[in-house]
Amino acid sequence: MKNDKYTTKGIVEAGIMTGIVVILMLIAAYIPMFGIGGILLLPVPITIIYLRHGFKEALLSIIVSDIIVSTAYDPILTLSLAILYGSTALTLGYCIKRKLKFGKIIMILTLVNIVAMIANVLLVSIITSNGIGGLSDQMQVLINNFKGSIEKTKAMGINSGLGEESLARYDEMISVLNVDYMLKLMAGAITIYALISAYINYIICRKILGRLGYEVEKETPVSMINFDAKIGLVVILFVLIGTILTYYKIPAGEYFYNSSNYVLQTIFVIQGISVIVYFLRNKFNIHKGIIIAMLILLFSIISQIAIFIGLGDLIFDFRKINKNRVNRK
């Protein structure tokens, strides 16, 4: 009787969690304003099912929710969402259940995210067009939509009296946006997105699981984020290789250079922002809410400064938290 009761309870719980996933998927699909929030929350119910009942039940919940939502919305987009959030949820469940350390979880989750995004792009391209070649057409649609958004933002800036220099940046963004440019950045963009989404997904999942009584290791705070100097040196090496390949007009050179350079600059920006937050919090005692507001409102300026601060921190370790810093004086 106990086993029957437990099985019934498990089915009910899995059904409720699957229902939550369906609702979140529909929100992400039909309400763009809340779409990002829905996507970030999607892995949580499946992770809970994994922790309570196991891998098979979690996988079944992903499949069932995908089938239900596909009857009411675009099946291809629904499949795409299922691949992305499903891989994240199953990986989080596996890592948390085995009580892995935060750093290791982020590393594993980042790698899984990269594989999932690549698989998703290839699968959707094959389904929706004549093989992988249709990827360019899909990217052109995305670029056109993005350009439209930039134009609207620029129009708002004109109406609010934005300066000519600021408006010129919008024109620069529009001018460089094309399929070839995006393809050259794709590998780097996927890598950075995989890393950042892994961090955010872990934070959201940990906080919700904590309220349910699960013990999950706390994430590294933004002020203590630190890339090992060796990682920076490896990425710089890739940039140099890309530069050499480009110089000798090897076709893959520009793709290699642009992607690795994008990753390097993003590492510097993240590291620099972490240093800025560290000193604002620990040296000047500025409230966290004020810091977040500053970062949002002044991000375009702060990100440019952060590149140099991040590079300097990788070398000199301003916070004295990196055991493998380049400068060990």
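The values are calculated or read from the model by the stated rules, or taken from the named source; none is laboratory data. From a predicted model like this one, the values you see are computed outputs, not experimental measurements. Cβ coordinates were reconstructed from backbone atoms using ideal geometry, including for glycine residues, and neighbour counts include every protein chain displayed. Remember, those area values only see protein heavy atoms, side chains included, never the ligands or the DNA or RNA. Shrake-Rupley method; radii C 1.70, N 1.55, O 1.52, S 1.80 Å.
Quick look at the values:
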item	result
Residues of the range 190-245 classified as among the charged types (D, E, K, R) and assigned to a helix (DSSP H, G or I), total	4
Neighbours by Cβ (under 9 Å, 6+ apart or cross-chain): first from the range 300-313, under 16 Å from S223 (Cα atoms) and aliphatic (A, V, I, L, M); second assigned to a helix (DSSP H, G or I) and open to solvent by 60 Å² or more (accessible area, probe 1.4 Å)	I302/M294; I307/Q265
Residue match in the range 304-317 (condition: open to solvent by less than 30 Å² (accessible area, probe 1.4 Å) and not in a helix (DSSP H, G or I))	yes
Whichever residue in the range 65-110 is of a type in the set (V, I, T) and open to solvent by 60 Å² or more (accessible area, probe 1.4 Å) and, among such residues, is nearest to I23 (Cα to Cα)	I68
A194, sole failed condition from (1) under 23 Å from the mean Cα position of the chain (by Cα); (2) at pLDDT 70 or above; (3) open to solvent by 80 Å² or more (accessible area, probe 1.4 Å)	(3)
Counted residues, the range 211-257 - those being open to solvent by 40 Å² or more (accessible area, probe 1.4 Å) and farther than 20 Å from Y278 by Cβ	28
Enumerated helices (runs of 4 or more DSSP H) restricted to the range 1-64, each holding at least 2 residues that are modelled with pLDDT of 85 or more	2-30, 43-53
